[in-house]
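**Q** Pasting a structure below so you can have a look.
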Amino acid sequence: MNTDSGFYQSLIEQTGQAFFAYDISSHRFTYQNPAFRKAFALHQIKTHPEVLLHTVHPEDQGYVQEMLKELLQRGHCNALEFRVQFPDQEEQWVCVHPSVLNEALGKKLIIGHAEDITAQRLYNDHLKKFSNKKNSILNILAHDLAGPLAMIHTLSAQLAEDLNTSVHEDSLHMINIIERSSKQSGHLLLEFMNQEFLESSKIEVVTRRVNMVEKLKEAMEEYEGAKGDLIGKKIDFFSSSEKIFIELDDLKFMQVLTNLISNSLKFTPDGGKISVSVEEEEQSVLVKVADTGIGIPEKYKATLFDKFTDARRPGLKGEQSVGLGMSIVKTIVEWHKGVVWFDSEENKGTTFYIRLPKNVVISAKD
């Protein structure tokens, strides 16, 4: 070992990160630093690919194999996040950052570093679960309060007009305060909801491998609990299987779902139905949000996804819109290399479709 290689090896071993080099042709680890051996218990010098794959969770093996094919074809791939199970250890989430190194005499090595991200995933899942819960509750409150606030504003304005000359000046002043306050409260509620959505959309896209069914169920819990008396609609959720894994910025996608459900709530009469479904396809995932609402007029369909579109309309209970929501929905879906479209018929309902690829390479908001 020359002086330079000894220096770099010493530097790698002091970082605390788990580095490795794997010879593809001989199926051998030609290098495992102490951190790698400690974290992943792969002490064997010779470890056949089948043996390595056996440590991967069965539900993740197909994904790992596909990503390794991409790695060998392109020389690099996205970081791989998957679950592993080693003897006498708890299930782990690991993140591997691999690349291919072509050495002399045609030898190929997979080199990179790996890290145990189990605690990080659990922490992020916990935060995102409560973020999704917050967004769902805000959406329900916005819908539930918009109607009463609009009614208070309308009735107080009418009362002020009817009693303008027949009541005491102080009483009229109080009625005017009620009118202005209810109107202002409605605007503040709208502004708050819009700001929450807009702020989230400005954050960089950060994807990770997640079970979309689990994330959608978390987002739907609050709506399902609030159906009936609170929001006046029936809400259903359906999935083609219990687990559908996909590369996703789940926080942003849940904002997309919240926005679509919000629109369905606004334009579906009480007693109507809203359905959310997710279906696994061979290379993609299809999400649908359908309602039995009043539908989208033909004149608005061509511009629905435009910024500040003229398709913005108040909801059935007076809920307002600034016309940015659907534009941001389309943008976030396209950041994931997906497509969004809809079918709608007036007085019969609307269905939005989102198709996302399961594995996607995303550059920063390209």
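**Q** Can you work out the Karplus-derived ³J(HN,Hα) for every residue in the range 331-345? Use 6.51 cos²θ - 1.76 cosθ + 1.60 with θ = phi - 60°, whole Hz, and x for glycine or proline.
**A** Listing the rounded values in order: 5, 5, 4, 5, 4, 8, 6, x, 10, 10, 8, 8, 10, 8, 9 Hz.
**Q** Further, regarding this structure: Using r as the Cβ-Cβ distance of HIS54 and LYS301, and R0 as 45 Å, what FRET efficiency do you calculate, to the nearest 0.05?
**A** Numbers: r = 52 Å, r/R0 = 1.16.
In this case the efficiency is close to 0.30.
**Q** Kindly write out, for the range 234-241 in residue order, the coupling ³J(HN,Hα) from the Karplus curve 6.51 cos²θ - 1.76 cosθ + 1.60 (θ = phi - 60°), rounded to whole Hz, with x marking Gly and Pro.
**A** 8, 10, 10, 10, 9, 9, 6, 7
**Q** Now for a different question. Got a sec to turn the phi values of the range 66-71 into Karplus ³J(HN,Hα) couplings, 6.51 cos²θ - 1.76 cosθ + 1.60 with θ = phi - 60°, whole Hz, x for Gly and Pro?
**A** 5, 5, 5, 4, 4, 4
**Q** Can you list residues from other chains, or at least 5 along the same chain, whose modelled amide H is less than 5 Å from the amide H of ILE117?
**A** Result for ILE117 returns TRP93, VAL94, CYS95.
**Q** Under the rule of at least 5 residues apart or a separate chain, name every residue whose amide H is placed under 5 Å from the amide H of PHE237.
**A** Under 5 Å from the amide H of PHE237 lie the amide H atoms of VAL276, each far enough along the sequence or on another chain.
**Q** Continuing with this model, one more query. Using per-residue counts of other Cβ atoms within 10 Å, averaged over each peptide, order 28-34, 96-102 from highest down.
**A** Details: 28-34: 16.9, 96-102: 15.3.
Highest mean packing first, the order is 28-34, 96-102.
**Q** List the residues whose amide H sits under 5 Å from the amide H of ARG208, counting only those 5 or more places along or on another chain, with H placed 1.01 Å from N in the peptide plane.
**A** LEU248, ASP249, ASP250
**Q** Between ASN124 and HIS97, 0.36 nm times their residue separation minus their Cα-Cα distance comes to what?
**A** 7.7 nm
**Q** When the chain is fully extended, how far beyond the present Cα-Cα distance does ILE178 get from SER25, taking 0.36 nm per residue of separation?
**A** 47.2 nm
Each reported figure results from applying straightforward, stated rules to the coordinates on display, with no laboratory input. Since the model is a prediction, treat every value here as computed from it, not as a measurement. A quick note on method: Cβ atoms are made from the backbone with ideal geometry, for glycine too, and the neighbour counts reach across all protein chains shown.
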